Amino acid sequence: MKKIAALLLVAGLIGIASCKPKKENTTDTKETQEELPVKVKGEEVTYATDSTNLKGYIAYDENVAGKRPGVLIVHEWWGHNDYVRQRADMLAELGYTAIAVDMYGDGKLADHPDDAGKFASSVMTNLPEATARFNAALDLLKSHESVDGDKIGAIGYCFGGSVVLTMANSGVDLDAVAAFHSGVQLPVMPNNQLKAKVLVCNGADDPFISPESITGFKTAMDSIGADYNYISYPGVKHSFTSKEADANGEKFGLPLAYDADADKKSWDSLQALFAEAF
């Protein structure tokens, strides 16, 4: 009996051992699963409306496989400058394809607030042309080989924020829009044509944005049941996302100031918006 018991014990151990999964060589698997490093490619692009030649900039990560959401970025009132291209690169690093839009034509830039104001006003007072310029960039973005045309967002800074909000309110098919240090008294206020989720990030001490305009914007958004988030940062002034703000403020006597904390928080909020929308 002792022999039989011993034999059964050995047989059981052999059976258990045979059921254990074999240890695989995971070296190759780990290597294939490693994410490739970010490799942002930025390229200048030209496009046009019926009346205006435009110069933009597209950025995307070459090491991301397949199609991904596309994002339009509209510049501050200074025009299509290095800052808006840097933001395009930052979005590319996050896995999006981004186009830095030219709303003035021919990549035109302003060196003085007076010129910037004139350029911005010429766009916002001619909505058919503004819409044509925005849609030309939108069509170019959608046609890019890396872009999923069913997942499109738009962001803008200062003047650019007003542009993307206006385009969304005009019924342009966007999944999400975000505006930073942007006016909210718009040529087209929120209405039932608005489809996008909306994020607005403004400084509470921004003298360019009146309390009355904020109340009007929120009232309009609430009246249509819009999906939006309006964030106001205490003690923060205009142009808080731009590191050039302090120098420009001093040079031109304007209430501009970079704020690193608000810059980071607003960028984090943008990422949360896109994660939800896409």
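Restricting to segment 193-231, and then to whatever is hydrophobic (A, V, I, L, M, F, W, C) and in a strand (DSSP E or B), can you tell me which residue is farthest from the chain's Cα centre (by Cα)?
If we take residues in segment 193-231 being hydrophobic (A, V, I, L, M, F, W, C) and in a strand (DSSP E or B), then ILE231 is farthest from the chain's Cα centre (by Cα).
Can you tell me which residue is surrounded by the most Cβ atoms within 10 Å (Cβ to Cβ) among those in segment 99-150 that are within 26 Å of ALA247 (Cβ to Cβ) and acidic (Asp, Glu)?
ASP102
Which of the residues spanning segment 45-63 are surrounded by fewer than 18 Cβ atoms within 10 Å (Cβ to Cβ) and more than 15 Å from MET103 (Cα to Cα)?
Passing the criteria: GLU62, ASN63.
Identify the single condition in (1) surrounded by 18 or more Cβ atoms within 10 Å (Cβ to Cβ); (2) among the basic types (Lys, Arg); (3) assigned to a strand (DSSP E or B) that LYS41 does not satisfy, given that it satisfies every other one.
So the condition that LYS41 fails would be (1).
Taking segment 151-183, which residues are in contact (Cβ under 8 Å) with a residue 40 or more places away in the chain, assigned to a loop (DSSP other than H, G, I, E, B) and over 22 Å from ASP139 (Cα atoms)?
Result: CYS158, HIS181.
For LEU36, work out the one condition from (1) surrounded by 14 or more Cβ atoms within 10 Å (Cβ to Cβ); (2) under 18 Å from THR97 (Cβ atoms) it doesn't fulfil.
Checking LEU36 against (1) surrounded by 14 or more Cβ atoms within 10 Å (Cβ to Cβ); (2) under 18 Å from THR97 (Cβ atoms), the one that fails is (1).
Among the residues in segment 191-203, are any under 28 Å from TYR258 (Cα atoms), buried (at least 23 other Cβ atoms within 10 Å of the Cβ), touching a helix residue (DSSP H, G or I) at 6+ places or on another chain (Cβ under 9 Å) and of a type outside the set (A, V, I, L, M, F, W, C)?
The answer is yes; a qualifying residue exists.
Among the numbered criteria (1) in contact (Cβ under 8 Å) with a residue 40 or more places away in the chain; (2) among the aliphatic types (A, V, I, L, M); (3) surrounded by 17 or more Cβ atoms within 10 Å (Cβ to Cβ), which single criterion is violated by LEU254?
Result: LEU254 fails condition (3) only.
Mind checking which residues of segment 170-182 are surrounded by fewer than 23 Cβ atoms within 10 Å (Cβ to Cβ) and within 16 Å of PHE159 (Cα to Cα)?
The answer is none; no residue qualifies.
Values quoted throughout were computed directly from the atomic coordinates according to the rules given, and no laboratory measurement underlies them. What you are looking at is a predicted structure, and each value in this text was computed from that prediction instead of being measured. Counting neighbours? That spans all protein chains shown, and the Cβs are built from the backbone with ideal geometry, glycine included.
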